[in-house]
Amino acid sequence: MSKRTLLYVLLLCSSQVVFSQQTPIGSPKLSPTSSATPMAAKPLRDLVKQLDQAGLQRVMEQLHSSYFDSSALTNQEIDQAAVEGLLSRLGPGASLQLKTQDEPPAQNRPFKSELIETQFGYVRLGSFTKNDLTRLDEALNNLRNRGMTGLILDLRTMQPGSDFPLAADIISRFVPKGKLLFNLVEPKADATQAYSSSADPVFTGPLAVLVSQKNAGTAEAIAGVLRNQLHALIIGQKTSGRAVEYDRYPIGDNLVLTVAVKELVIPGAPIIFPDGLMPDIAVTFAEPQQDAVLALADQNGVSDYIFDEERPHTNEAALIAGKNPDLDAYEADHADGKSKQQHIKDVVLQRAIDFLTTISVFRAK
């Protein structure tokens, strides 16, 4: 079967045509009281997968010779449907977009480091580049000198690119020197590029890594390797699955075709492309809310968005003084007839604090 015919057949897999479930002409009709139970229709893709090479060819020949609207089966129409079907089926592996959309301006997110609860280090990489590696070393050393017993590495504001050399440099701050981190595999060229840790680790304690559904290539490599090598706990949402390196090809005057040409492979770990990296602790956090709390923490620091405010309660001293703290708090929250909005909390970061707290309790026993 020719490549062109195979592309044509993808039209069957990806088009939005819905086949009628009407009873074929000449077939006996079931009465409403019939005990026969109709079989559930299988997805179109599953049906097409049952066809062998001869069957695929037969379907295309029959469509060409029998379908009443010949304008729907011109070469251009079929080619358009085949390209649309291929791009849809390849998911994050390929995309077609306007040149103006190919490289949107990157949002500049700050690098942040803090010590939480006097013992838990927090590092948010933000819009991290190779020039920030020294800053990362300084932050890790500073937190360690201040008594850090566990670290939270927040990848959620990293840019969604695939800078795998940078990923290897970041991972090298945690994984012993000389360890194989990951391979970048290019099947078409039968080539593999190996990345190993290039430095002695700066921190070797308990590690929690925060991820989101926006994380791609670089962040996915960091999270996946740290879990594989150091048993770091991944917390957040499943990542985008774009753990690949892309090439870009201009198409005409206004379009760009992006194609995955190399794949990240972490030895001994599940493949990340195309389904994404599954966290160890999945945390549901609506994307607009998560984006909002991360933006606020960029400006104000993270501590205000971790711990819930403790509401005042009635106690013996309040009763003696003739006061009711519960009622006072309620009235303050609903002053002017409006309910006071509670401060949004970073529930992903809260789970990381819970994890490190549990580890510290067990180690203290």
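Since every read-out is calculated from the coordinates, none of them should be taken as a lab result. Computed from a predicted structure; not experimentally measured. Positions of Cβ are generated from backbone atoms using ideal geometry, with glycine treated the same way; all protein chains shown enter the neighbour counts.
What distance in nm separates the simple spin-label points at SER198 and HIS343, each placed 7 Å from Cα in the Cβ direction?
4.1
Taking neighbour Cβ counts within 10 Å as the exposure measure, how do TYR122, TYR246 sort from fewest upward?
So the residues, fewest neighbours to most, are TYR246, TYR122.
Compute the FRET efficiency between THR358 and GLU114 as 1/(1 + (r/R0)^6), taking r as their Cβ-Cβ distance and R0 = 22 Å, and round to the nearest 0.05.
0.60
Where does the Debye-calculated log10 I(q)/I(0) of segment 49-157 sit at q = 0.17 Å⁻¹, using only Cα point scatterers of equal weight, no solvent?
-0.93
What is the Rg over Rh value, at two decimals, for segment 112-282, using alpha-carbon atoms and the Kirkwood definition of Rh?
Ratio of gyration radius to Kirkwood radius: 0.99.
Which ordering of LYS49, LYS112 is given by a fewest-first count of other beta-carbon atoms within 10 Å?
The order, fewest Cβ neighbours first, is LYS49, LYS112.
Multiply the residue gap between ASP79 and ASP275 by 0.36 nm, knock off their C-alpha separation, and tell me the result in nm, one decimal place.
67.8 nm
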